[in-house]
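What follows is a short report on a single structure.
Every read-out reported here was derived from the displayed coordinates using simple, explicitly stated rules and does not represent laboratory data. Keep in mind that this is a model prediction, so the values were computed, not measured. Counting neighbours? That spans all protein chains shown, and the Cβs are built from the backbone with ideal geometry, glycine included.
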Amino acid sequence: MKIIVTSSLIKSSIQKISLVTNVIKNTMVEDAELQLKFCKKSISRFIDSLLNLAISYSKNNFKVDKKLLYIKNIRVNKSLILKRSNIRSRGKIDRINSYFSRITIILEKI
């Protein structure tokens, strides 16, 4: 039984999110929550809330206990790029790219 939770339009780049998600991939849910609690990256709070959403979804719909779940996979994909411009001197323009990401968490019962 797979439990899939997706969140899109996260205001962070793929590289920054992957630093946190690689730590908790293929671990038990309780260990992953502990890792995210003490992680210093700001995106870890958002991933923790997404993980709690997946846990509550599994409890309410499938009656699965939190201790029996592990994180099978976490995917981080590209979502949008917000393109803005910064006007410089002598008629030059610098492009500013703001990256958005999409996270998919797949939980599975042991």
Exercise for the section: Go through 74, 27, 64 and say which Cα lies farthest out towards the positive end of the charge dipole of the stretch 18-89; charges sit on Cβ, +1 for Lys and Arg, -1 for Asp and Glu. Expected result: 74
Fill in the blank from the handout: With +1 at each Lys and Arg Cβ and -1 at each Asp and Glu Cβ, the charge dipole magnitude of the chain around its Cα centre, to the nearest 20 debye, comes out at 660
Practice task
Would you mind calculating the relative contact order of the stretch 2-109 from Cα pairs under 8 angstrom and at least 6 residues apart, reporting the percent as a whole number?
Solution key: 42
Fill in the blank from the handout: Among 16/63; 41/66; 41/78; 11/67, the pairs whose Cα-Cα distance exceeds 29 Å are 16/63; 11/67
Exercise for the section: Mind listing the long-range amide H neighbours of residue 64? Cut-off is under 5 Å, sequence gap 5 or more, other chains count too, H placed in the peptide plane at 1.01 Å from N. Expected result: 59
Practice task
Starting from the Cα of residue 33, step 7 Å toward the Cβ, then list every residue of the stretch 63-79 with an amide N under 19 Å from that point.
Solution key: 63-74
Problem - trypsin sites (Lys or Arg not before Pro) within the stretch 43-110: DSSP coil, no more than 13 neighbouring Cβ in 10 Å - result: 63, 88, 92
Exercise for the section: Please name which of 96, 106, 4 has its Cα lying farthest along the dipole of the chain towards the positive end, using unit charges on Cβ (Lys, Arg +1; Asp, Glu -1) and the Cα centre as origin. Expected result: 96
Problem - Simple Cβ-charge dipole of the stretch 31-83, Lys/Arg +1 and Asp/Glu -1, about Cα centre, in debye nearest 20 - result: 200
Practice task
Throw me the Rg/Rh for the stretch 2-109, computed over C-alpha atoms with Kirkwood Rh, two decimals.
Solution key: 1.14
